[in-house]
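The values are calculated or read from the model by the stated rules, or taken from the named source; none is laboratory data. Note that the structure is predicted; figures quoted are calculated from it, not measured. When we count neighbours, we look across all protein chains shown, and the Cβ atoms used for this are built from the backbone with ideal geometry, even at glycine. Ligands, DNA and RNA are stripped out before the accessible areas are found, and what is left, the full protein with its side chains, is counted by its heavy atoms. Shrake-Rupley method; radii C 1.70, N 1.55, O 1.52, S 1.80 Å.
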Amino acid sequence: MRIEARGLRVALKSREVLQGLDAAAYPGQLTAIIGPNGAGKTTLLKAFAGLLAPSGGAALIDGRTVADWQPRALAQALAYLPQERIVHWALTVRAVVALGRLPYRPLGAGESAADAAAIEAALAAMDAAHLAPRPVLELSGGERARVLVARALAQAPRALLADEPAAGLDPAHQLTLFRHLAALAATGRTVVVALHDLSLAARFCHSIILVHDGRAIAAGAPQDVLTPGHLAAAYGITARYHTLDGVPVVLPVDVLP
Amino acid sequence: MSLLPARARTDIAPPVLLGVLAAAVAAAFLLSLAVGPSGFGFGPGGEAGALIFWEIRLPRAILGALVGASLGLAGAALQGYLRNPLAEPGLIGVSGGAALGAVLAIHLGLAQLVALALPIGGLIGAGVAMLAVVALAGASGGPVTLILAGLAVSGTATALISLALNLSQNPFATVEMVFWTMGSLADRSLTQVWLAAPLMLAGMGALLLVGRALDALTLGEDAARSLGVDLVGTRWIIVAGIALCVGAGTAVTGVIGFVGLLVPHVLRPFAGHRPGLLLPASALAAAAFLLIADVGLRLAQPWVELRIGVLTALIGAPFFVWLVLKTRAELAP
């Protein structure tokens, strides 16, 4: 599914967070949205997910304005993972993943065979099948992050929007999670993540959108976006883009005066 | 990977859970019909027995089941919507409004003039309270504005009930008003039951619709909306549903506390903590609980005349003590 912002403007309270942003994410690609705190990364993801209404311009899913989608059809096509890994009640892991099937379940109906298959497949894809009977509140941060991605996968979406999916995870869990996200993109889905870790973005993402002050100031392949000039303009830092053992690394060196 | 063993699960398969609870309601209902000061059985026979059955025991049993189910369902719905296990239906102000309406009907002397003035006063009070909460809380703003609006309305109702008691010149009216705030299932007529039952059933039907939305809200408001849930619609269904079932119930029985807080809380682990499944489970369990509590009252009647609202409070208060101790133990290092 092609996800696109055209001259997108979104105002929160009185502040215009997105000020005419143009960007696109494509099927089969893992796309990162990067930018400093407050640049509008979360706002952009929420506008794509239909959670925030534009005050100008448009957010488009497959060429149609998000607001034109039926809520149920949109929920079947697109999954959204908020930054906070909220689970309010002590549900089992399986019950949490089963919540991803709500958009497919008619009122009052129980779990269908298709639901069960989608839940098992989502758990397996995130290496979480063994966690299924555990109460989700007892899991470690890395396990909970994987379970919540599995919940989004159970939605059988063609696009996944994830806000800081690797935040707070140790390096091993970050790598595992991004390998999983890259694998999802390889199945033809559109995967968009908001991200602070520039090295993760450089290593795993096919395409990067750099947001600064509510606009996309650069977009494209990692090596074209993560240039010293762009990083200085957006973050106010000097940084080096290296390749170590074939792995791209972005090293922030200093804050510009 | 954690080395913790998979903890033993307390949840029960939904059909089994609901089946067992439904059987408990049926048993408690029959018990309620059979027990009373005039003896055990379904009418000792003769005209007096039939009268006792149709005019005293049947309305009391129907009311006990419906009011219990309303309180349990409303409590479970509100706890799920607010994602707070300490919420109870009185929080959104409709039971306070219903009590105020009934108290005013007594204070103004209407209760002596018109037979149904009390429940009708209660219904009007509940309706006004609901409109006030809706106007104050607004469509957006989430749980916080709803709680604040409910507190404002129930606080106002409590203040005005105190004022009516303070200004009351007639000691009999004062006693009647005080008793009303304690809640009772005794001596209600079938007419009163027919007045409140359709409203309670409509409210319960509405609340049973929000199960999916409450399940989705487990993941927070943004994730719930991304799963296709209409949060504004959910909010209004919950407010209207609680106003109908708890408002109409309170209008007939007076205020019965703690049931709507205690029952969903106790039942949650058995429903696998799923807020949607907790709705019907909590409704059934609370109906059985109130019926059995009411039977207990009748058995104690030769020695002490207790009101059901007092009994539920007497059961509810130690429950809170237990809850504090349990929470302390869980939070201990």
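From the list B:GLU221, B:GLU176, pick out the single residue that is away from chain A (no Cβ under 14 Å), open to solvent by 10 Å² or more (accessible area, probe 1.4 Å) and among the acidic types (Asp, Glu).
Criteria check complete, one pass: B:GLU176.
At the interface with chain A (Cβ under 9 Å from one of its Cβ atoms), assigned to a helix (DSSP H, G or I) and out of contact with any Pro (no Cβ under 9 Å at 6 or more places or on another chain): which single residue out of B:ARG268, B:ARG212 fits that description? Show your work before the answer.
Values: B:ARG268 fails: out of contact with any Pro (no Cβ under 9 Å at 6 or more places or on another chain).
Among B:ARG268, B:ARG212, only B:ARG212 is at the interface with chain A (Cβ under 9 Å from one of its Cβ atoms), assigned to a helix (DSSP H, G or I) and out of contact with any Pro (no Cβ under 9 Å at 6 or more places or on another chain).
All but one of (1) within 10 Å of chain B (Cβ to nearest Cβ); (2) in contact with a Lys or Arg (Cβ under 8 Å, 6 or more places away or on another chain); (3) more than 25 Å from A:GLY28 (Cα to Cα); (4) outside any loop (DSSP other than H, G, I, E, B) hold for A:LEU148; which doesn't?
The failed condition is (3).
Would you please list the contacts, defined by Cβ atoms under 7 Å and residues six or more apart or on different chains, that run from a residue in region A:2-24 that is open to solvent by 60 Å² or more (accessible area, probe 1.4 Å) to a residue that is aromatic (Phe, Trp, Tyr)?
From region A:2-24, the pairs are A:ARG2/A:TYR26.
State all residues of region A:59-75 that are open to solvent by 20 Å² or more (accessible area, probe 1.4 Å) and either more than 8 Å from every other protein chain (Cβ to nearest Cβ) or aromatic (Phe, Trp, Tyr) (or both); if no residue qualifies, say none.
A:ASP62, A:GLY63, A:ARG64, A:THR65, A:ALA67, A:ASP68, A:TRP69, A:GLN70, A:ALA73
Looking only at region A:55-65, decide whether some residue is outside any strand (DSSP E or B) and among the acidic types (Asp, Glu).
Yes; the residues of region A:55-65 include at least one that is outside any strand (DSSP E or B) and among the acidic types (Asp, Glu).
Taking region A:162-179 only, how many residues are among the acidic types (Asp, Glu), more than 26 Å from A:PRO27 (Cβ to Cβ) and surrounded by 16 or more Cβ atoms within 10 Å (Cβ to Cβ)?
Step one: filter region A:162-179 for residues among the acidic types (Asp, Glu), giving A:163-164, A:170.
Still in the running and more than 26 Å from A:PRO27 (Cβ to Cβ): A:170.
Those still in the list that are surrounded by 16 or more Cβ atoms within 10 Å (Cβ to Cβ) too: none.
Matching residues across region A:162-179 total 0.
Of all residues in region A:100-118 being in contact with a helix residue (DSSP H, G or I) (Cβ under 7 Å, 6 or more places away or on another chain) and not in a loop (DSSP other than H, G, I, E, B), which is surrounded by the most Cβ atoms within 10 Å (Cβ to Cβ)?
Out of the qualifying residues, it is A:GLY100.
Determine which member of the set A:LEU148, A:LEU160 is within 30 Å of B:ALA13 (Cβ to Cβ), in contact (Cβ under 8 Å) with a residue 24 or more places away in the chain and touching a Leu at 6+ places or on another chain (Cβ under 9 Å).
A:LEU148
Would you check which residues across region B:305-328 are of a type in the set (A, V, I, L, M) and either at pLDDT 85 or above or open to solvent by less than 60 Å² (accessible area, probe 1.4 Å) (or both) and list them?
B:LEU306, B:ILE308, B:VAL310, B:LEU311, B:ALA313, B:LEU314, B:ILE315, B:ALA317, B:VAL321, B:LEU323, B:LEU325
Step by step: first the residues of region A:130-156, then only those that are farther than 26 Å from A:ALA77 by Cα and touching a strand residue (DSSP E or B) at 6+ places or on another chain (Cβ under 7 Å), then the one that is surrounded by the fewest Cβ atoms within 10 Å (Cβ to Cβ). Which residue is that?
A:PRO133
Is there a residue in region B:264-282 that is aliphatic (A, V, I, L, M), out of contact with any Ser or Thr (no Cβ under 6 Å at 6 or more places or on another chain), in contact (Cβ under 8 Å) with a residue 60 or more places away in the chain and over 22 Å from B:ALA23 (Cβ atoms)?
Checked region B:264-282: no residue is aliphatic (A, V, I, L, M), out of contact with any Ser or Thr (no Cβ under 6 Å at 6 or more places or on another chain), in contact (Cβ under 8 Å) with a residue 60 or more places away in the chain and over 22 Å from B:ALA23 (Cβ atoms).
Exactly one of these conditions fails for B:PHE289: (1) in a helix (DSSP H, G or I); (2) open to solvent by 10 Å² or more (accessible area, probe 1.4 Å); (3) within 14 Å of chain A (Cβ to nearest Cβ). Give me its number.
Among (1) in a helix (DSSP H, G or I); (2) open to solvent by 10 Å² or more (accessible area, probe 1.4 Å); (3) within 14 Å of chain A (Cβ to nearest Cβ), B:PHE289 violates only (3).
Residues checked against (1) among the aromatic types (Phe, Trp, Tyr); (2) assigned to a loop (DSSP other than H, G, I, E, B); (3) within 11 Å of chain A (Cβ to nearest Cβ):
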{"site": "B:LEU185", "(1), (2), (3)": "no, yes, no"}
{"site": "B:LEU195", "(1), (2), (3)": "no, no, no"}
{"site": "B:ARG225", "(1), (2), (3)": "no, no, yes"}
{"site": "B:ILE242", "(1), (2), (3)": "no, no, no"}
{"site": "B:ALA251", "(1), (2), (3)": "no, no, no"}
{"site": "B:GLY276", "(1), (2), (3)": "no, no, yes"}
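Within region A:119-137, which residues are in contact (Cβ under 8 Å) with a residue 24 or more places away in the chain, assigned to a helix (DSSP H, G or I) and farther than 21 Å from A:TYR80 by Cα?
Correct list: A:LEU131 only.
Checking the condition over 18 Å from the mean Cα position of the chain (by Cα) and of a type in the set (Asp, Glu), which residue from A:ASP213, A:ASP197 passes?
Selected residue: A:ASP213, the only one of A:ASP213, A:ASP197 that is over 18 Å from the mean Cα position of the chain (by Cα) and of a type in the set (Asp, Glu).
In region B:76-122, which residues are within 21 Å of the chain's Cα centre (by Cα), more than 16 Å from B:ALA248 (Cα to Cα) and open to solvent by less than 30 Å² (accessible area, probe 1.4 Å)?
Passing the criteria: B:ALA76, B:ALA77, B:LEU78, B:GLN79, B:GLY80, B:TYR81, B:LEU82, B:ALA87.
Hand me the list of strands (runs of 3 or more DSSP E) wholly inside region A:180-225 holding 1 or more residues that are surrounded by fewer than 23 Cβ atoms within 10 Å (Cβ to Cβ), touching a residue at least 12 places away in the same chain (Cβ under 8 Å) and not aromatic (Phe, Trp, Tyr). Spell out how you get there, then give the answer.
Values: elements: A:190-194, A:207-212, A:215-220.
Because the criterion is at least 1 residues that are surrounded by fewer than 23 Cβ atoms within 10 Å (Cβ to Cβ), touching a residue at least 12 places away in the same chain (Cβ under 8 Å) and not aromatic (Phe, Trp, Tyr), the strands (runs of 3 or more DSSP E) in region A:180-225 that meet it are A:207-212, A:215-220.
Note down all Cβ pairs under 7 Å where the first residue falls in region B:155-167 and is over 16 Å from B:MET130 (Cα atoms), the second is open to solvent by 40 Å² or more (accessible area, probe 1.4 Å) and not in a helix (DSSP H, G or I), and they're at least six residues apart or on different chains.
From residues that are over 16 Å from B:MET130 (Cα atoms), the pairs are B:ILE161/B:THR181.
Could you grab me the full set of residues in region A:80-89 that are open to solvent by less than 30 Å² (accessible area, probe 1.4 Å) and either more than 7 Å from chain B (Cβ to nearest Cβ) or in contact with an Asp or Glu (Cβ under 8 Å, 6 or more places away or on another chain) (or both)?
Step one: of region A:80-89, the residues open to solvent by less than 30 Å² (accessible area, probe 1.4 Å) are A:80-82, A:87, A:89.
The answer is A:TYR80, A:LEU81, A:PRO82.
Spot the failing condition for B:VAL232; the list is (1) assigned to a loop (DSSP other than H, G, I, E, B); (2) open to solvent by 60 Å² or more (accessible area, probe 1.4 Å); (3) closer than 19 Å to B:GLY80 by Cα, and only one is missed.
Going through (1) assigned to a loop (DSSP other than H, G, I, E, B); (2) open to solvent by 60 Å² or more (accessible area, probe 1.4 Å); (3) closer than 19 Å to B:GLY80 by Cα one by one, B:VAL232 breaks only (1).
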